[in-house]
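Okay, so here's the structure we're looking at.
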Amino acid sequence: MNKLTDEIEHAITETMQEISSAAQRRDLNVLEHLTKKASELRAMKEQVAAIENRVRAMKNGTHVVSAHAGNSGAIRELVVEVTQGMINQNLLTLSEHMRRGIIRSGEKLNIEAQPSGDRFETELLASGNKLRERGRIARFYRDAGVRAGDCVVLREVTPGHWQLKKADIVRYKRV
């Protein structure tokens, strides 16, 4: 890690401690603010990692854009919070990840949806920043029991080959 990443990680740790304290006090306003702060810090950390990886790729003469994917061994890992609108319209939108430069419109994705094992090919459309294959997305939402507010993970395991599954992430929700 570099100095900036360490500084961001330290800020995340401090924020998580503040969240814990606010949760004990049941201070929902502070919890909401701190949760947004933690999300923004996590996004900054991912952006720094993505930039570092892109610089390394350019230095090595490759054109692969990869993002930090933790210890999963994945090339890229995209976490998306699913909205009710996405479920209603059978969409998986990747706008945030496109803005960060982690994935680009026109990319073709071979996806294995879990837990069903359903495999399909799709592409990321520029209009709406969504995956073209809506029927299979609907099936995935249904099979995985995805509800509004849940997160899903789209993980690239080898170039162009992805796994899609419901995440084990718990988000703070407004009460």
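The values are calculated or read from the model by the stated rules, or taken from the named source; none is laboratory data. Keep in mind that what you see is a predicted model, and the values were worked out from it rather than measured. Backbone-built Cβ (ideal geometry, glycine too); neighbour counts: all protein chains shown.
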### Message
For the structure I just gave you, tell me whether V82 is at pLDDT 90 or above, under 18 Å from the mean Cα position of the chain (by Cα) and within 26 Å of Q163 (Cα to Cα).
### Response
yes
#### Entry: Scope region 1-55; condition closer than 17 Å to R100 by Cβ, of a type in the set (D, E) and either touching a residue at least 40 places away in the same chain (Cβ under 8 Å) or surrounded by 15 or more Cβ atoms within 10 Å (Cβ to Cβ) (or both); matching residues
E46, E52
### Message
Just to be sure I understand, how many residues within region 123-141 are touching a residue at least 40 places away in the same chain (Cβ under 8 Å) and more than 18 Å from the chain's Cα centre (by Cα)?
### Response
3
### helices (runs of 4 or more DSSP H) wholly inside region 75-175 containing at least 1 residues that are touching a helix residue (DSSP H, G or I) at 6+ places or on another chain (Cβ under 7 Å) and surrounded by 14 or more Cβ atoms within 10 Å (Cβ to Cβ)
84-88, 134-144
